[in-house]
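Quick notes on the structure that follows.
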Amino acid sequence: MLKTLRQIASIGIVSEPPPRPDESLRLRDGLQDEIRAVLGRALCIRHIDAGSCNGCELEIHALNNPLYNLEGLGIRFVASPRHADLLLVTGPVSKHMEVALRRTYDATPDPKLVVAIGDCGCTGGIFGETYASCGRVSNVIPVDVAVPGCPPSPTRILQGILAALARSVAPVTGAGEPP
């Protein structure tokens, strides 16, 4: 044992150089700062399944895994529309969910954002407008951003959420003013 300690003392500590900082961490910090600058706190999302097949829900759940780490970006899901800034709606709106979706929209405080997820939420998908379906989400409530795909990837969903956030902070130009 004494021989080993002498060898360690004579050679010193041998290790690899530290890894270079990851650029994605800077992007995450910048995004988190931007969300806090706009809202003053985390972006709170209320997810509503208006009649989907759960394909989009699986991709939304993937946003909370360690790879995408939505919470780390300052974005979180809430259980009540009264605490939400953004509504994430999936599926074609079934007739039974029409009133519930309107009530949820009305319960969300202003300014509120709505993102329709998936082909069904954007266009009605294969269901369209029938005796059992109101079709796309925009037939029931106003939609700010639509994210097509069957189902869209978690990255595309995150892009849609950020596009809605960017749209909410973009300056509104009056008629006759250049954009």
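The numbers here are math on the coordinates, done by the rules we state, and not lab data. It should be emphasised that the depicted structure is a prediction, and the values quoted were computed from it without experimental measurement. Cβ: placed from backbone, ideal geometry, glycine included. Neighbour counts: every protein chain shown.
Observations on the structure shown:
- Computed on the stretch 88-169, the Cα convex hull volume stands at 73 Å³ per residue.
- Sorting 125-131, 87-93 by average packing, meaning the other beta carbons within 10 Å per residue, from highest down gives 87-93, 125-131.
- Where N is the number of residues in the stretch 32-167, Cα Rg divided by 2.2 N^0.38 Å: 0.98
- Applying both filters, DSSP loop and at most 14 other Cβ atoms within 10 Å, to the trypsin sites (Lys or Arg not before Pro) of the stretch 65-152 gives 95.
- Using a simple spin-label model with pseudo-atoms 7 Å out from Cα toward Cβ, residue 77 and residue 153 lie 2.1 nm apart.
- Summary value for the stretch 32-167: 25 percent relative contact order, contacts being C-alpha pairs under 8 angstrom separated by 6+ residues.
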